[in-house]
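What follows is a single structure, written as C-alpha cells, with notes after it.
The values are calculated or read from the model by the stated rules, or taken from the named source; none is laboratory data. Predicted model, so just to flag it, every value in this text is computed and none were measured. Cβ placement follows ideal geometry from the backbone for every residue including glycine, while neighbour counts extend to all protein chains displayed.
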Amino acid sequence: MNKTSYKKHFLFLSVLGIVLFFVNISLGSVMIPIQDIMAVLMGENANKESWEIIVLNFRIPKAITAVMVGSGLSVSGLLMQTLFRNPLAGPFVLGISSGASLGVAFLLLGSSLFGGVLMSGTLSNWTLPIAASLGAFLVLSAVIFAANNVRNTMSILIIGLMFGSFASAIISVLSYFSEATQLQQFVFWSFGSLGNLSWNEILVFAVFYVLAMCGIFPILKSLNSLLLGENYAKSLGIPIQKNRNIILLITSILTGVITAFSGPIAFVGLAVPHLARMLFTTSNHKVLVPATMLIGAIVLLLCDIIAQLPTSEHTLPINAITSLFGAPVVIWLLIRKKKLYV
Amino acid sequence: MIMESTNTILRTENLHIGYTAKKKSISVAKNINFHLQKGSFVALLGKNGIGKSTLLRTISNVQKPLEGAIFMDEKPLESYSTKSLATAISLVLTERLPESQLTVFELIALGRQPHTNWVDQLTPLDVEKIETAMTLTEITHLSNQRYYELSDGQLQRVLIARALAQDTPLIILDEPTAHLDLHHTLQIFKVLKKLVSETSKTILISTHEVNLAIKFSDEIALMTENSFHKDSPKNLIENNIFDTLFPDEIIRFDKTLQQFVMK
C-alpha cells in the first residue's frame, strides 16, 4: 500500500469520525431537533434552555469521553502487542484494568468489611477515580518491578495475567461479604459508562490523556525495531529496558485513568489494533499509531450510539456493547485472515 | 604489536563467556584471546554446543562476559552506549523474527535507525544505502514483498542486507547458512566475500561449512573445549589443528583433500 492510499484511508476515517461525533451528540434519551443542536454548537440559544444544558453539559462531554476512551485504550493495546510481540496482548492482559477495579471494589465494597474507616467521608466525584488510579498504579508498580527482574517478555505477560486473576479473586471475596446496595453500585460501575463526567473531570482526564500520548513520540522509532525482537532492537541502538518502562508507564496511565472515569471497558484495546493493521495492511507504527487512535475513537462513538439506540428511555451498558461488538470481530478476523500479526 | 593494534577492529582479553542463572555463573568457554583484523573475512568453527553463539553474542554486547574484556577500536565495549555501538557492530542472529507485516524494504530500512532522526525519516543517503544493500545481496526485486512470504534463503539475504544498510565497520553473523541448501549457502559466502573485498568491512561469521570456510575466509577461528586457535586456513591445515575440531572416532581431517572424511 502506498502513501496516497494511506492518505485516502485517513481522510475517510477522519470524515467518518467527525460525522459519528455529531450523530453521537444528536442522539440521546431526550429528543432534540437537529437545528437546535446545531444552534447550541454554534453558540446560539436553543428553543428550550434544558436542551442547551443537555447538549453542553451532558452530550458533548460524553462524546469527548468516548473519543479519549476509544483512542486511549486502542493505543494501549497497540503498544502492548508490539512490546510483547503478541497479538493477544492488551491493557486487560497486564492486569491494570483489574487493578483499577480492585481499587474501586475496595472503596465501594470494602466499607462493610472495614467499617467506617474507608468510608469516613461522603462519596464525592473524585473518590472513585482516585481509588481506581491507585489500584491501577499498584498493579503497574508490581508489573514494572517484575519486568525489571524478569527478562522474558512472555513471562511478564503471564505475570500480568496472574495479577489480574489475583485482583479478580479479591473482588469476588469483597463482593461476597458486601451488602446488596453496595454490590449494585459496584456492578453498575463495572458496566462502564461514558456519561456523568463534568467538564472539570474531563479536564483532568484530558491532561493525563495528552501527557501519556506525548510519551509515545520519543519511543515511536523504537516501536518499529521492536518488531524484529529485543536483540535486534538493541543492536539498532534502542535502550530496551528504558523503552519498555516508558511503554508500561504510558499504558498504565491511559488504562488507569480511563478505567477510573468510565469503568473497565473490554475488548477495544485488543481488537482495534488488529482492525487498523487489516485496514492499512502495515506494521509500520508511524501509520498504525494514528490509525489505531482514529479507529478506536470511531468504534467507541459507534458503540455509544448503539448503546442508546434500542429504546429512548434506557442506555445499555457500554461494556456489554464493546464486548458484543469486539468478540465477533476477533473471531471473524481469525477465521478470515487465519493469522494475526503484531 | 603496535602495527597490529592499529589494524585491529576488535580484540578480546582473557575472555570468559557463559551465562548467569540463579546468581550462579555457568561457564561456556575460558581464556579466549583473539583479534579481528580490519577488512578480513573470519569464519568461526566449532562443534555444536561449544559456545560459538555465546561468543558472538558476548562480543556484540547482547550478553555480558563473565570475565575478561572486549575492545572495539581499542575502547572497552562497555564504554560504548547502546546507540554508538549500533553504528559500530551490526548483527544477523539465528532467532526467528516475530510475525509482523513489515515489507522487505521496511525491514532493511530499520537498519538505518541508528542514523535517522527521531521520527525515523529516511534521507536520500539512507535510501541509497538501502538500495545498495539490496543490490549487493540481489534482492531488489523482493523490495515490496512481506518478509513472511520469503523462502529461507531469501530471508537470510534480506537479514544480511539489513545489517549492510546499518553500515557498520564490523558485521557479525550467527550461522547465516543454517537451513540453506548448497546453492544458497555458496551464494551467501560469495556475497560476504564480495562485501569484504568491495566495502572493506570486517565480517565474522559462525558456520558449520568447513569446506567453504577454508575456501572463502581469510582467517578461521577454531573453538574447542580446551583451545581457541585463529590463523589462516593454510596454517591451520599445516599444523593439524583441524583434527581437534571433532572427536576422532568417526571422522578425520584429510590434509590433501582439505576436508573431513569418514574413517
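One table, with the values for the structure above:
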item: A:Phe145 aromatic (Phe, Trp, Tyr), in a helix (DSSP H, G or I) and closer than 25 Å to A:Asn319 by Cβ; result: no
item: Close pairs from region B:56-75: first within 14 Å of chain A (Cβ to nearest Cβ), partner among the basic types (Lys, Arg) and outside any strand (DSSP E or B), Cβ under 9 Å, at least 6 apart; result: B:Thr58/B:Lys64; B:Asn61/A:Lys234; B:Val62/A:Lys234; B:Gln63/B:Arg57
item: Some residue of region A:83-94 being buried (at least 20 other Cβ atoms within 10 Å of the Cβ), touching a Lys or Arg at 6+ places or on another chain (Cβ under 7 Å) and touching a residue at least 60 places away in the same chain (Cβ under 8 Å); result: yes
item: Segments classed as helices (runs of 4 or more DSSP H), wholly inside region A:175-245, with at least 2 members that are within 14 Å of another protein chain (Cβ to nearest Cβ) and free of Cβ contacts under 8 Å to residues at least 60 places away in the same chain; result: A:220-226, A:230-235
item: Any hit, region A:30-37, residues being in a helix (DSSP H, G or I), modelled with pLDDT of 85 or more and surrounded by fewer than 16 Cβ atoms within 10 Å (Cβ to Cβ); result: no
item: Test: residue in region B:167-182 that is outside the structural domain of B:Leu36 (by TED's automatic domain parsing), assigned to a helix (DSSP H, G or I) and among the aliphatic types (A, V, I, L, M); result: no
item: Residue in region A:12-26 that is within 30 Å of B:Pro98 (Cα to Cα) and under 23 Å from the mean Cα position of the chain (by Cα) present; result: yes
item: Unique residue being on the phi > 0 side of the Ramachandran plot and at pLDDT below 80 when the list is A:Gly115, A:Gly95; result: A:Gly115
item: Region B:16-43: number of residues that are in contact with a helix residue (DSSP H, G or I) (Cβ under 8 Å, 6 or more places away or on another chain), closer than 22 Å to B:Ala86 by Cα and not small (Gly, Ala, Ser); result: 3
item: Breaking point among (1) out of contact with any strand residue (DSSP E or B) (no Cβ under 6 Å at 6 or more places or on another chain); (2) assigned to a loop (DSSP other than H, G, I, E, B), for B:Pro65; result: (1)
item: Per-region count, region B:191-237, residues among the acidic types (Asp, Glu) and under 27 Å from B:Gly153 (Cα atoms); result: 4
item: Segments classed as helices (runs of 4 or more DSSP H), wholly inside region B:82-144, with at least 3 members that are facing another protein chain (nearest Cβ under 7 Å); result: B:82-86
item: Enumeration of residues in region B:15-45 that are at positive phi and in contact (Cβ under 8 Å) with a residue 12 or more places away in the chain; result: B:Gly18, B:Asn31, B:Gly39
item: Search result, residues across region B:213-249 that are touching a residue at least 60 places away in the same chain (Cβ under 8 Å) and under 13 Å from B:Gln259 (Cβ atoms); result: B:Ala213, B:Leu245, B:Phe246
item: Test: A:Met80 is touching a Pro at 6+ places or on another chain (Cβ under 9 Å), crowded, with 21+ Cβ neighbours inside 10 Å and in a helix (DSSP H, G or I); result: yes
item: Sole residue being in contact with a Pro (Cβ under 8 Å, 6 or more places away or on another chain), of a type in the set (Val, Ile, Thr) and at pLDDT 90 or above, chosen from B:Thr82, B:Thr123; result: B:Thr82
item: Qualifying residue in region B:32-52 (condition: surrounded by 18 or more Cβ atoms within 10 Å (Cβ to Cβ), farther than 27 Å from B:Lys194 by Cα, assigned by TED's automatic domain parsing to the domain that holds B:Lys215 and among the small types (Gly, Ala, Ser)); result: yes
item: B:Pro98 vs. criteria surrounded by 15 or more Cβ atoms within 10 Å (Cβ to Cβ), free of Cβ contacts under 8 Å to residues at least 24 places away in the same chain and of a type outside the set (Val, Ile, Thr); result: yes
item: Any hit, region B:203-211, residues being out of contact with any Leu (no Cβ under 7 Å at 6 or more places or on another chain) and part of a helix (DSSP H, G or I); result: yes
item: Filtered residues of region A:262-282 (kept if under 16 Å from A:Cys303 (Cβ atoms), in a helix (DSSP H, G or I) and of a type outside the set (A, V, I, L, M)); result: A:Ser262, A:Gly269
item: Every residue from region A:304-319 that is surrounded by 15 or more Cβ atoms within 10 Å (Cβ to Cβ) and in contact (Cβ under 8 Å) with a residue 60 or more places away in the chain; result: A:Asp304, A:Ile305, A:Gln308, A:Thr315, A:Pro317, A:Ile318, A:Asn319
